[in-house]
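**Student:** After the structure tokens below, expect a handful of questions from me.
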Amino acid sequence: MFASLFSSKSPGLEPDISTSEAMAALMVRIAKSDDDYSATEIARIDAVLGLLYQLSADQAAKLRQTAEALEADAPDTVRFTSAIKEEVPYEER
């Protein structure tokens, strides 16, 4: 009981995200960093996600849309980079 009071994580506030969602959210955040999130960037993200995770065009677009929502709600990139660090070996990052 006392351990949960002093934990740095609040239970239930940040649901776990998959590595693919984290990677996609970072791509979205980078694309938005210049305040010009263009259709070309969106298409490129979809193409990279499709290749990286062997997804159809519709699946890649759905993953990107999920990532856009995650990115909009995230105050910083720590949540995404932590998820990637936990699951992707250093040599593959």
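The values are calculated or read from the model by the stated rules, or taken from the named source; none is laboratory data. Here the structure is a predicted model, which means the values were calculated and not measured. Remember, those area values only see protein heavy atoms, side chains included, never the ligands or the DNA or RNA. Shrake-Rupley method; radii C 1.70, N 1.55, O 1.52, S 1.80 Å.
**Student:** If you count only protein heavy atoms and use a 1.4 Å probe, how large is the accessible surface of Thr40, to the nearest 10 Å²?
**Tutor:** Around 90 Å² of this residue is reachable by solvent.
**Student:** A follow-up question, please. Could you pull the accessible area for Val88 with a 1.4 Å probe, rounded to 10 Å²?
**Tutor:** My reading of the accessible area for Val88 is about 30 Å².
**Student:** Per the 1.4 Å probe, what fraction of the accessible area of the stretch 16-93, in percent, lies on carbon and sulfur atoms?
**Tutor:** 52 percent
**Student:** Something else now. Accessible area per residue for the stretch 15-93 in Å², computed with a 1.4 Å probe and the full protein assembly in place, what is it?
**Tutor:** Result: 65 Å² per residue.
**Student:** Asp76 accessible area, nearest 10 Å², 1.4 Å probe?
**Tutor:** 70 Å²
**Student:** Separate question: Mind listing the long-range amide H neighbours of Tyr37? Cut-off is under 5 Å, sequence gap 5 or more, other chains count too, H placed in the peptide plane at 1.01 Å from N.
**Tutor:** Residues meeting the criterion, in which the H sits 1.01 Å from N, do not exist here.
**Student:** Tell me, what ³J(HN,Hα) does each residue in the stretch 28-37 have, in order and in whole Hz, if you take phi through Karplus 6.51 cos²θ - 1.76 cosθ + 1.60 with θ = phi - 60° and put x for Gly and Pro?
**Tutor:** Karplus-based 3J(HN,Hα) across the stretch 28-37 equals 5, 4, 5, 5, 7, 5, 9, 6, 9, 8 Hz.
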